[in-house]
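The numbers here are math on the coordinates, done by the rules we state, and not lab data. Everything numeric here is computed off the predicted structure, so don't read it as measured data. When we count neighbours, we look across all protein chains shown, and the Cβ atoms used for this are built from the backbone with ideal geometry, even at glycine.
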Amino acid sequence: MITLHRPGALQALPPLSLYVHLPWCLKKCPYCDFNSHEVLSTKTPAASSHTIPLVPFQGNGDKAGAKPGLSPALESQYLDALCADLESALPQIWGRRIHSIFIGGGTPSLFSPEGIDRLLADIRARLAYDPDCEVTLEANPGTFEKDRFKAFRQAGVNRLSIGVQSFDDAKLKALGRVHNRAQAIAAVEEAQSCFDTFNLDLMYALPGQSQADLDADLQQALAFTPPHLSLYHLTMEPNTRFATQPPKDLPDDDTAFDMLDRLIEGTGLAGLERYEISAYARKGHRAMHNLNYWQFGDYLGIGAGAHSKISFPDRIVRQVRWREPQAYMTQAQQGQACSNETVISLKARPFEYMLNALRLKEGFELARFTERTGLPITSIQQAMQEAEAKGLLARDLQRAWPTEKGFDFLSDLQALFLQEE
């Protein structure tokens, strides 16, 4: 009996993660191109009877006083929409276990611990978790209150990702951040006391930043012995304020490369391994959720503007939810949270796979390329040979991985796998 294998068909589905987008922030950072909306500037459209305004809430136990946040009514309305969104998506992922959960934003720590507890309870009631499911919540020091992180831990969050960006007050002001050095230190100390694993986000090549400034930021971060660090080059993303009004005194490219070299050296000496282009971790503390992205795993995204990638035996699809929070809430309650869906074509799969996998220092298993894309390894043979000839890629019989030069010129390496439709 002859079995015909349809081109692009998947023999096994990859791990599945869940991403939950909570879109509000205290203030929109001028470098941020994520779907985030300021709490204090959100207007209530007169034409919509369903829109609920944002109001301040009073912080408990924080010496700085009141902290702005969502009104309880809006928080509840948004959580209702997330639940409806998840319910509508269940038929697409029925029977699959959740590998990891990431609650991102925006600033998810604006939501109350009770709201996060309700969110995770709603998810647990509808989806089966892997036994070691990683549950990450993004938090900013500007929304920090004493014991707030502990309450998130009790709600079921087991990993915190803190958007510190810098410990220098002048640099934080230049980045438009709402917190200061003292708040950042207090937030990290609280995370240390509540979580076995957590991540710190730091940025480099900041306006006016010297090597000495960078060293001070890195040494302060390393003083906390963080299990995980994410180090990002400040870039001028399209559709941001910095894109049209770039800050002055940005380090040039050569200086930025020197800064990255210093970061790689410093984190290595501190026992953190660079395992992805921007990620550094101690043994046992790699980000499971992000690894699933980089290994071309599946993820269901719920929430305003959230993206999904979901594999079926005969196709791989990408989805996007409605971007504007009020539109999302309205559509989700009607079972129509997804604003558009596209199928990843066979020609696009190699580039999409390599766009992610080549971010990893260890690269990828050749067999996994076929498993995740449904395509034979011969479909990227020519591009791999060209990458090898340029010194950007190395491989053996089992794996392929970016060289040191390939890491430095990652965009050039990834572009070799782009095929015209």
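Distance in nm between label sites at Ser210 and Gln245, each 7 Å beyond Cα in the beta-carbon direction?
With each label point 7 Å from Cα toward Cβ, the separation is 2.8 nm.
What net charge do the residues around Gly406 carry, taking every other residue with its C-beta under 13 Å from that of Gly406, with Lys and Arg at +1 and Asp and Glu at -1? Intermediate values should be presented prior to the final figure.
Values: positive: Arg359, Lys361, Lys390, Arg395, Lys405; negative: Glu362, Glu386, Glu388, Glu404, Asp408, Asp412.
Cβ neighbours under 13 Å give a net charge of -1.
Please compute the net charge surrounding Asn239, taking Lys and Arg as +1 and Asp and Glu as -1 over other residues with Cβ under 13 Å from its Cβ. All intermediate terms of the calculation are to be shown ahead of the outcome.
On the way: positive: Lys28, Arg241, Arg323; negative: Asp33, Glu237.
Neighbour charge sum, excluding Asn239 itself: +1.
Whole angstrom only: what separates the Cα centroid of region 254-310 from the Cα centroid of region 205-247?
Going from one Cα centre to the other spans 15 Å.
Sort Trp24, Trp294 so the one with the fewest other Cβ atoms within 10 Å of its own Cβ comes first. All intermediate terms of the calculation are to be shown ahead of the outcome.
Working: Trp24 25, Trp294 19.
Placing the least packed residue first, the sequence is Trp294, Trp24.
From the phi of every residue in region 123-134, what ³J(HN,Hα) in whole Hz does the Karplus formula 6.51 cos²θ - 1.76 cosθ + 1.60 yield, where θ is phi - 60° and glycine or proline is x?
5, 4, 6, 10, 10, 8, 8, 5, x, 9, 4, 7
Just to be sure I understand the model, the point goes 7 Å from the Cα along the line to the Cβ. What's the resulting Thr255 to Ala121 distance in nm?
With each label placed 7 Å out from Cα toward Cβ, I get 5.2 nm.
For Asn158, what charge total do you get from the other residues with a beta carbon under 11 Å from its beta carbon, if Lys and Arg give +1 and Asp and Glu give -1? Could you put the intermediate results ahead of the total?
Numbers: positive: Arg153, Arg159; negative: Asp132, Glu134, Asp196.
Overall, the nearby charge balance is -1.
Between Leu397 and Ser193, what length in nm is gained on full extension when 0.36 nm per residue of separation is reduced by their alpha carbon distance?
Details: separation 204, 0.36 × 204 = 73.44 nm, distance 4.50 nm.
Additional length available on full extension: 68.9 nm.
Could you grab the relative contact order for the chain? Cα pairs under 8 Å, six or more apart, rounded to a whole percent. Before the final figure, lay out the partial values.
Numbers: 774 pairs, mean separation 75.3, N = 421.
Taking the mean separation of contacting Cα pairs over the length of the chain, I get 18 percent.
Among Leu160, Leu346, Leu137, determine the one that fluctuates most according to a GNM of the chain built with springs between C-alpha atoms less than 10 Å apart.
Leu346
Under 5 Å between amide hydrogens, which residues at least 5 positions from Ile162 or on another chain qualify, with H placed 1.01 Å from N in the peptide plane?
For Ile162, whose amide H was placed from the backbone, the distant partners under 5 Å are Ala139, Asn199, Leu200, Asp201.
Per residue of the chain, what 222 nm ellipticity follows from adding -39500 (n - 2.57) for every DSSP H run with n ≥ 4, rounded to the nearest 500? Don't skip to the answer; put the middle values down first.
Details: 15 runs with 148 residues, N = 421.
Value at 222 nm, helices only, nearest 500: -10500 deg cm²/dmol.
Can you sort His228, His307 from fewest to most other Cβ atoms within 10 Å of each residue's own Cβ? Numbers along the way, then the final one.
On the way: His228 21, His307 14.
Fewest to most other Cβ atoms nearby, the residues stand as His307, His228.
Would you please give the FRET efficiency between Arg262 and Leu418, computed as 1/(1 + (r/R0)^6) with r the Cβ-Cβ distance and R0 = 25 Å, to the nearest 0.05?
Numbers: r = 32 Å, r/R0 = 1.29.
For Arg262 and Leu418, the calculated efficiency is 0.20.
Sorted by packing (mean other beta-carbon atoms within 10 Å per residue), highest first, where do 190-200, 398-408 land? If you can, show how the numbers build up before the last one.
Numbers: 190-200: 19.6, 398-408: 16.5.
Packing order, densest peptide first, comes out as 190-200, 398-408.
Which residue fluctuates the most in the chain, going by a Gaussian network model with Cα springs under 10 Å, if the choices are Arg177, Arg395, Arg286?
Of the options given, Arg395 has the highest mean-square fluctuation.
By count of other Cβ within 10 Å, fewest leading, how are Cys25, Cys133 ordered?
Values: Cys25 23, Cys133 20.
The most exposed by this proxy come first: Cys133, Cys25.
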